[in-house]
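> Below is a structure I'd like to ask you about.
The values are calculated or read from the model by the stated rules, or taken from the named source; none is laboratory data. None of the values given here were measured: they were computed from a predicted structure. So basically every Cβ, Gly included, is an ideal-geometry build from the backbone, and we count neighbours across all protein chains shown. Areas reflect the complete protein model, heavy atoms only, side chains present, ligands, DNA and RNA absent. Shrake-Rupley method; radii C 1.70, N 1.55, O 1.52, S 1.80 Å.
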Amino acid sequence: MKLSVEIADPASELSVSFGYQCSTLDHDNFSVQPDQSEFSRGSPIQNTNRNGSFSCLSGAALSANATLANTNIGNGLIGEEILPVLDSPKSFRRMSSSPSLSRLDLSSSPSQTCMPILAGSVPTRTGFLYENGNATWKPMSAPMRVESCSFLSGMDVQMAGGAAGEDRVQAVCSEENGWLFCGVYDGFNGRDAADFLAGTLIENIGFYLQALEWRMRKEQDASNLTSNEDETIPSKSLPTIGCHDHSSASQRKGGIVLPNCSSGEVLTESFRLGVMDCLIRALAQAETDFMYMVEQEMDDRPDLVSVGSCVLLVLLHGKDLYVLNLGDSRAVLCTSDNTGSGLVKAIQLTETHTVDNETECSKVIADHPDDPSPIVRGRLKGKLRVTRALGVGYLKKREMNDALMGILRVRNLCSPPYVYTVPFTKNHRVLEDDQFVIVGSDGLFDFFSNDEVVQIAHAFIQENPFGDPAKYLVEQLVLRAAESAGFSTEELMSIPVGRRRKYHDDVTIIVIILGNKQRTSTASTSL
């Protein structure tokens with residue numbers, strides 16, 4: 001059944017703090033305006049790649065939650081040197097090389113999480129941070145960097161990102177090869193964890209994907225050797241990442257070599273699991289590195305032990321959509337209902353990791369049989385609603401809780417960890433009926449159900465083929481939040497930074513139009 005959704009027009013154009021666009025038009029005839037600070041209402045930017053998995057990207061942010069401008073984690077290196085290189089708040093820009101984490105002080109690490117992959121073994125799906133149910137805090141250095149990785153340093157790779165309150169949003173794409181990465185990092189109790197993710201996770205993912213390439217090359221070489229000896233099986237070269245066969249170009253650039261989605265080959269299930277495990281391992285790397293840095297700095301900054309972030313990652317490669325999440329951000333797919341009526345339905349691609357989720361709540365209670373009150377007033381130990389997140393060390397380790405003073409410290413921390421770091425993952429094969437994916441932090445779903453979000457975006461796309469559905473969702477959220485508070489939108493937006501958090505949470509929204517016949521839109525707002 002189609003929802004009845006009333007779509008209101010905002011009283012005035014929503015002002016944003018930054019905007020960015022990515023285009024696959026002929027670059028001789030189109031260029032992004034670097035000074036553009038709001039969403040473009042002009043023509044849609046079409047993807048000229050026939051086999052492309054996406055069309056274009058645009059974005060905007062509006063910050064209203066009080067937070068520090070830059071993180072101090074890593075002695076300020078991330079906020080002062082790494083993030084400014086990654087962020088492009090006024091446009092997408094091409095990345096000539098990957099950022100380096102080599103200057104971060106992680107060298108005392110005894111752990112090398114990359115070794116199982118480099119040794120040729122298939123990574124396990126769980127157990128990176130927990131062994132026998134207990135958290136392991138092994139500080140690990142950034143993994144050995146394999147020189148030149150097309151996920152970050154290909155000639156056509158572009159990146160955009162920025163902050164919205166305590167949130168971070170990030171998008172990286174290879175228009176030529178047809179892949180897209182989006183990350184939404186919903187920070188809380190500060191922005192340090194979200195900043196750390198934005199500054200380090202992309203490089204970790206690139207490394208593990210290239211480690212996967214290394215393993216595949218080894219297996220291919222072994223297979224070819226056997227084939228040549230037997231002279232019974234024809235050898236096949238390994239195609240490159242993306243939807244076109246750019247093997248020679250990618251090899252010259254040292255690119256990641258992954259199965260090709262346009263040559264008719266079918267990606268194997270083991271390959272899909274390998275890509276997913278790369279995301280899992282990269283997140284595990286970020287968690288252990290972040291917790292290690294917090295341990296090093298918590299004497300001077302005890303507030304770091306309470307800082308955390310939800311994580312939502314989407315990697316689109318050809319017809320494969322990979323999703324990973326910790327926390328309560330959501331990815332919701334809009335797809336046709338197969339009746340020929342033109343109606344659409346919403347399918348949630350993520351789990352919701354909060355105490356309101358009966359499964360998560362039951363797990364917390366079962367994992368702490370000797371604690372009479374693991375959940376107090378609808379929160380873990382009376383502090384946090386989310387049951388899975390990066391960081392938030394004081395609910396994971398007793399020593400970090402002891403670093404806090406007075407009422408900030410959790411009383412009766414009987415059996416940590418209370419917050420988990422094992423993510424939910426999903427691989428979805430994009431079908432012909434799939435239209436777009438909405439990726440949003442929990443603030444969006446405080447006001448709209450999955451069905452409402454999909455219906456609003458779908459109706460807008462149908463009526464405004466040159467419009468921006470992500471920004472429109474932001475505008476609709478502002479309208480609903482103002483109505484709920486009894487304000488006009490102007491009155492709501494005039495409330496000073498910090499105080500506006502009383503009326504709704506920080507919000508980040510990404511709309512990914514699937515296929516190459518429409519466009520992809522991104523909006524981020526902190527309201």
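> How large is ³J(HN,Hα), in whole Hz, for each residue of the range 319-336 in order, when computed from phi with the Karplus curve 6.51 cos²θ - 1.76 cosθ + 1.60 and θ = phi - 60°, using x for Gly and Pro?
Karplus values, whole Hz, x for Gly and Pro: 9, 9, 10, 9, 10, 9, 8, 10, x, 10, 6, 9, 10, 10, 8, 9, 9, 5.
> Further, regarding this structure: Could you go through the range 441-448 in sequence order and give the Karplus-derived ³J(HN,Hα) for each residue, using 6.51 cos²θ - 1.76 cosθ + 1.60 with θ = phi - 60°, rounded to whole Hz, and x for Gly and Pro?
Working through the residues one at a time gives 6, 5, x, 5, 8, 5, 10, 10 Hz.
> At a probe size of 1.4 Å, how large is the accessible area of H368, to the nearest 10 Å²?
Answer for H368: close to 10 Å² accessible.
> While we're here: Accessible surface of T226 in the full protein assembly, 1.4 angstrom probe, to the nearest 10 Å²?
70
> Taking a 1.4 Å probe, which of M405, M493 shows the most accessible area, and what order do the others take after it?
Of M405, M493, the descending order of accessible area is M405, M493.
> Quick one: which of K426/K471; K363/K397; K363/K396; K426/K502; K363/K502; K319/K363 span more than 25 angstrom between C-alpha atoms?
Over 25 Å apart, Cα to Cα: K426/K471; K426/K502; K363/K502; K319/K363.
> Just subtract the alpha-carbon distance of E432 and A485 from 0.36 nm times their residue separation and send over the number in nm, one decimal.
Stretched out fully, the E432 to A485 stretch lengthens by 15.0 nm.
> If you rank E80, E295 by how much accessible surface each has, with a 1.4 Å probe, what is the order from largest down?
Correct descending sequence by accessible area is E80, E295.
> Now for a different question. Go through W179, W214 and list them by solvent-accessible area, largest first, probe radius 1.4 Å.
W214, W179
> Continuing with the same structure: Hey, what do the phi angles of the range 342-351 turn into as Karplus ³J(HN,Hα) couplings, whole Hz, using 6.51/-1.76/1.60 and θ = phi - 60°, x for Gly and Pro?
Whole-Hz 3J(HN,Hα) from phi for the range 342-351: x, 7, 10, 9, 9, 10, 7, 9, 10, 9.
> Testing the spin-label approximation: label points 7 Å from Cα along Cα→Cβ at S415 and Q462. State their distance in nm.
It works out to 5.2 nm between the two label points.
> Which far-off residues, 5 or more places away or on another chain, put their amide H under 5 Å from the one on R385, with H placed in the peptide plane?
L380
> Please compute the length gained on full extension between R272 and D299, using 0.36 nm multiplied by the number of residues separating them and subtracting their Cα-Cα distance.
5.5 nm
> With every protein chain left in place, what is the accessible area of D402 in Å² (1.4 Å probe, nearest 10)?
Accessible surface of D402 is approximately 80 Å².
> Please list the non-local residues whose amide H lies under 5 Å from the amide H of L514, H modeled 1.01 Å from N, same-chain partners needing a gap of 5 or more.
Counting only residues 5 or more places away or on other chains, the set is F436, V437.
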